[in-house]
Amino acid sequence: MKFINKALALGAALGLAALAGPALAQGTNAELVKAKPAGFPTQPIEMTVVYPAGGGADLTARLLGKTMEQLSGSRILVNNRTGGAGMVGHAWLATQAPTDGTAIGMLVNLVWGDSMLRAQGRWSHTDLEPIGYLNSDPMVWFVTTDGPFKDKTAAQVIQAAKEKPGTIRVATVPGSMWDYNIEQVEAQTGAKFLRVPFQSGGAGVVGLIGNNVDVALGFYAEAKPHMDSGKVRGVGVAAGERLAHLKDVPTLNEALNGKEYLWTLLRFVVVPKATPADRKAYLAAMVKAAMQDQGLRDEYAKLGVYFDPTLEKAANITEALNKEAEREREFYVKTGRLK
C-alpha cells in the first residue's frame with residue numbers, strides 16, 4: 001500500500017538547502033515552447049501545495065516549478081493552500097480551482113485517503129487527473145546501533161514482538177501509514193507491538209535515539225543524519241525493491257517472505273479533470289520535460305527518494321495511479337475503515 005497522512009512533512013530533515021542553487025535546467029525547450037496551445041492564458045500557472053512551506057512537499061514542488069518555468073518560459077507560482085492536514089488544498093483543487101490550464105497541484109497519495117475517508121462525498125480524487133509522476137519515498141524500519149536490536153534483522157525484531165507481545169515499543173503516527181504498516185505486519189505474522197504515538201516520523205526517530213522506543217518507522221531523509229553519525233540503522237524497507245542508497249537493507253517482503261508490504265509515499269502532479277485536453281497535454285509535457293532534466297533528478301535523489309520505473313514508464317499515468325488508489329481502497333475495506 002502506498003500512502004501517507006499529514007505527518008509526511010520532511011522539512012525538518014531536509015531544510016531548504018536544495019533551493020540554494022541547484023544545477024537545474026538552463027534555457028527553454030524550443031519544442032515545449034512551440035507546443036503551447038493557442039489562447040493559453042497569459043497569467044502565471046499556480047501550482048498548489050497542500051502542506052506548509054518548508055516541508056518535503058513544498059521543496060519538491062518548488063524544485064519542479066523552477067525547472068518547468070525555465071524549460072517552458074511560462075511562469076510558475078507555488079502556492080501553499082494549507083489547513084485540515086491537506087483537506088483545504090485538496091478540496092480547493094477538486095471543486096474551486098480554475099479549469100483553464102492555470103491550476104495544477106503537486107500532491108502525494110494522501111489525497112486518496114482524504115477522498116475516501118474524510119471528504120464525505122463533497123469531492124473525490126477522481127475530480128483530479130494525474131498528469132505526471134515525480135518520485136517515491138518508501139517507509140523504512142529503523143533501530144539504534146546500541147539498543148536491543150543493534151544486530152538483529154527485521155524478521156528477528158518482528159519475531160520478538162510475537163514471542164513477547166506488547167513489550168516491543170514502536171513509534172507510530174496514529175491513523176497513518178505508520179499505523180497501517182504496523183497493523184499489516186501484526187495481522188500477517190501474529191506479532192503484537194506496543195505502539196507509542198508521535199506527531200511525525202522524524203519525531204519518532206528522535207524518540208528512538210532517546211530510548212523512548214525500540215523501533216521507529218520513518219523516511220530515509222528523517223533518519224539520514226543519525227545514520228551518518230552511526231546512531232541508527234535501517235532493518236527493512238516497505239518497497240518493492242531495495243533502495244540504491246540503502247542497498248544493504250532488505251525489503252520487508254524479502255524479510256517476511258511476502259509481497260504485500262508496500263508503504264510508499266508517491267508524489268505526482270494533477271490538474272482539475274475539466275481542464276481542456278490540449279492544455280492538459282501541454283501541462284503534462286511540461287512535467288515530463290522537467291522530469292527528464294538531470295539536474296532536477298539529481299536534486300530529488302539528494303533527498304533520498306527513488307524513481308519507480310513502473311510509474312515512470314507507464315503509458316497512461318492516470319490509469320497507473322488509479323490502480324494504486326484502488327489498492328488503497330481495498331485496504332480500507334478489508335480493515336473495516338470503508339464499506
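Find the centroid of the Cα atoms in the range 95-130 and in the range 137-207, then give the distance between the two in whole Å.
Between the Cα centre of the range 95-130 and that of the range 137-207, the gap is 32 Å.
Which residues' amide hydrogens lie under 5 Å from the amide hydrogen of GLY132, considering only partners 5 or more residues apart or on another chain, with H built in the peptide plane?
VAL269
According to the square roots a ≥ b ≥ c of the eigenvalues of the Cα gyration tensor, what is the shape class of the chain, taking rounded for a/c under 1.5, prolate for a/b larger than b/c otherwise, and oblate for the remainder?
prolate
How large is the convex hull of the C-alpha atoms of the range 71-199 per residue, in Å³?
Values: hull volume 21.9 nm³, N = 129.
Per-residue hull volume (Cα only) is 170 Å³.
For HIS90, HIS245, what's the fewest-to-most ordering of other Cβ within 10 Å of each Cβ? Working shown, then result.
On the way: HIS90 28, HIS245 15.
Going from least to most buried by this count: HIS245, HIS90.
Taking only C-alpha pairs under 8 Å that are 6+ residues apart, what is the relative contact order of the range 140-256 in percent?
Working: 209 pairs, mean separation 40.2, N = 117.
In percent, rounded to a whole number, it is 34.
Please list, ordered by chain and number, the residues whose modelled amide H lies under 5 Å from the amide H of LEU194; skip anything fewer than 5 residues away on the same chain.
For LEU194, the qualifying residues are GLY166, THR167, ILE168, ARG169, VAL170.
Once every DSSP H run of n ≥ 4 in the chain is given -39500 (n - 2.57) and the sum is divided by its residues, what mean residue ellipticity at 222 nm do you get, rounded to the nearest 500 deg cm²/dmol?
Details: 14 runs with 131 residues, N = 339.
When only DSSP H runs of four or more count, the value is -11000 deg cm²/dmol.
List the aspartates and glutamates whose Cα lies under 17 Å from the Cα of LYS313, skipping any in the same chain that are fewer than 8 positions away.
Correct list for LYS313: GLU241, ASP293, GLU324.
Taking LYS273 as the anchor, which lysines have their alpha carbon closer than 21 Å to its alpha carbon, excluding any fewer than eight residues away along the same chain?
LYS36, LYS288, LYS323
Please identify which residues in the range 91-132 have an amide N closer than 19 Å to a label point set 7 Å out from the Cα of LYS339, following the Cα→Cβ vector.
Correct set: 115-123.
Test of understanding: what is the full-extension gain from ASP228 to GLN199, defined as 0.36 nm times their sequence separation minus their Cα-Cα distance?
Result for the pair: 8.1 nm of gain on full extension.
For the pairs LYS164/LYS247; LYS259/LYS339; LYS259/LYS280, flag any whose C-alpha to C-alpha distance is greater than 27 Å. Provide the component values of the computation, followed by the final result.
Working: LYS164/LYS247 30 Å; LYS259/LYS339 25 Å; LYS259/LYS280 35 Å.
Listed pairs above 27 Å: LYS164/LYS247; LYS259/LYS280.
So, in nm, how far is label LYS247 from label GLU330 when the simple model puts each one 7 Å beyond its Cα toward the Cβ?
Reported label-point gap for LYS247 and GLU330 is 3.4 nm.
What is the calculated FRET efficiency for ALA35 to ALA315, with r their C-beta to C-beta distance and R₀ = 25 Å, to the nearest 0.05?
On the way: r = 19 Å, r/R0 = 0.78.
Once rounded, the FRET efficiency stands at 0.80.
FYI, it's all coordinate maths here, none of it is from the lab. Everything quoted here is computed from the prediction, not taken from an experiment. Glycine also receives a Cβ, built like all others from the backbone with ideal geometry; neighbour counts cover every protein chain displayed.
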